[in-house]
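The values are calculated or read from the model by the stated rules, or taken from the named source; none is laboratory data. Given the structure is predicted, the values throughout are model-derived calculations rather than measurements. Please note: Cβ atoms are built from the backbone with ideal geometry, for glycine as well, and neighbour counts cover all protein chains shown. For accessibility, only protein heavy atoms count, side chains too; no ligands or nucleic acids. Shrake-Rupley method; radii C 1.70, N 1.55, O 1.52, S 1.80 Å.
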Amino acid sequence: MHTVSANGAAIPALGFGTFRMSGPDVLRMVPEVLKLGFRHIDTAQIYGNESEVGEAIKASGLPRGEVFLTTKVWVSNYKADDFRRSVDESLAKLRTDYVDLLLLHWPNEAVPLAEQIEALNAVQAAGKTRHIGVSNFNRTLLDESVRLSKAPIVTNQIEYHPYLDQSVMLEAARRHGQSVTAYYAMADGKVFKDPVLTDIAARMGRSPAQVVLRWLVQQEGVIALSKTVGEKRAAENLAVFDFELSEADMAAIHGLARPDGRIVSPDGLAPAWD
């Protein structure tokens, strides 16, 4: 598995995401993807499946240190006391003393950002996470987070797929030595019927999903999250490190971006996007 280096963190470039994945599916799929070779598992407090993720990692038989584990603190837990308590609860559910990466899940203006970042720093200093980061932050919030944090911010996990231009956020991350972790890579399934992507896939003997994941991980500092409840598709998703896209194909996929390409923008959570 290739890794992305970001402010001292070595993050596997392809992760397995568990958003909207039921407990039984997590228990079935996480040991399977770890057996296939995935080494990066992503969950969150709000997903409601941290317990199953922890059980599944234990069931895999892999040493804890071989799995890069990410979880995210939900916005209702950003006040300092709630933050610490919620992290302890997450660790208990995940059956571990630490996570590799702990993120703020969405912006929350009700709690000062300085308090949120201070809480992140405190749990890292206590050894409960190796690295810290943010998710769904715009450029202003990202810059402010860096300014406020004593510890390095290693990633911003954001929606990123061929229909959404994230060049502004990529530039901001690179300026800070950070990675970008891409979620919703398949754009709610839109990529599977896209003629540009299906043409590239057919020409290369690959699937559209493989082409999109390769497009992501081939970009400097980009980590891709994949998600599936099928073993065959999981194996396919992992097989993206034995081929490369040409500059022309990369440019063609970038060219699919459009102004209305964003899919995830929940009221009350989403910032003013760049």
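General observations
- Partners of Lys150 within straight-line reach, counting aspartates and glutamates whose Cα lies under 13 Å from its Cα and excluding those fewer than 8 residues away in the same chain: Glu115, Glu118.
- Residues within the reach of a label modelled at Met204 (point 7 angstrom out along Cα to beta-carbon, backbone nitrogen below 13 Å), restricted to segment 221-254, are 237-254.
- HN-Hα J in Hz across segment 154-161 - Karplus 6.51, -1.76, 1.60, θ = phi - 60°, x for Gly and Pro: 9, 7, 10, 8, 9, 5, 7, 7
- The residues of segment 182-269 present an accessible area of 49 Å² per residue when probed at 1.4 Å with all protein chains retained.
- Taking amide H atoms as placed 1.01 Å from N in the peptide plane, the amide H of Thr3 lies under 5 Å from those of Ala13, each 5 or more residues away in sequence or on another chain.
- Convex hull volume per residue in cubic angstrom - Cα atoms of segment 1-141: 105 Å³
- Per-residue ellipticity at 222 nm, computed for the chain from helices alone with -39500 (n - 2.57) per DSSP H run of at least four residues, works out to -12000 deg cm²/dmol.
- Longest to shortest principal axis, alpha-carbon extents of the chain, angstrom: 54, 42, 33
- Cα long-axis angle, helix 139-148 against the chain (0 to 90 degrees, to the nearest 10): 40 degrees
- Cα-Cα over 29 Å, subset of Lys35/Lys79; Lys35/Lys72; Lys58/Lys227; Lys79/Lys227; Lys58/Lys79; Lys193/Lys232: Lys35/Lys79; Lys79/Lys227; Lys58/Lys79
- Relative intensity, log₁₀ I(q)/I(0), of segment 73-197 from a Debye sum that treats every alpha carbon as a point, q = 0.13, 0.20 Å⁻¹: -0.56, -1.09
- Within the chain, percent of DSSP bridges classed antiparallel, to nearest 5: 10 percent
- In the chain, the longest principal axis of the Cα atoms and the axis of helix 50-60 are about 70 degrees apart.
- In order through segment 162-178: 3J(HN,Hα) via Karplus (6.51 cos²θ - 1.76 cosθ + 1.60), integer Hz, x for Gly, Pro: x, 8, 10, 6, 10, 4, 5, 6, 5, 5, 5, 4, 5, 4, 9, x, 9
- Crossing angle, helix 80-94 versus the chain [Cα axis fit, 0-90 degrees, rounded to tens]: 60 degrees
- Rounded percent of accessible protein surface that carbon and sulfur make up, segment 1-139, 1.4 Å probe: 48 percent
- Summarising the label geometry, the points placed 7 Å from Cα in the beta-carbon direction at Met1 and Ala151 lie 2.0 nm from one another.
- By accessible area, using a 1.4 Å probe on protein heavy atoms only, segment 175-267 has 52% of its surface on carbon and sulfur.
- Placed amide H near Thr155: partners under 5 Å, 5+ positions off or other chain: Val134, Ser179
- The modelled label-to-label distance for the pair Ala239/Glu144, using points 7 Å beyond Cα in the direction of Cβ, is 4.7 nm.
- Nonlocal amide H pairs with His131, under 5 Å, H built at 1.01 Å: Leu101, Leu102
- Sequentially through segment 224-240, phi angles give Karplus couplings (6.51, -1.76, 1.60; θ = phi - 60°) of 10, 9, 10, 8, 7, 10, x, 5, 5, 5, 4, 5, 4, 4, 6, 8, 10 Hz, Gly and Pro residues having no value and appearing as x.
- Computed over every Cα-Cα pair of segment 173-274 and binned at 5 Å starting from 0, the pair-distance distribution P(r) comes out as 2, 11, 20, 25, 20, 12, 7, 2, 0 percent.
- Solvent-accessible area per residue for segment 1-141 (1.4 angstrom probe, square angstrom): 40 Å²
- Across the protein chains, with a 1.4 Å probe defining accessible surface, the residues Met204, Met186 rank Met204, Met186 from largest area downward.
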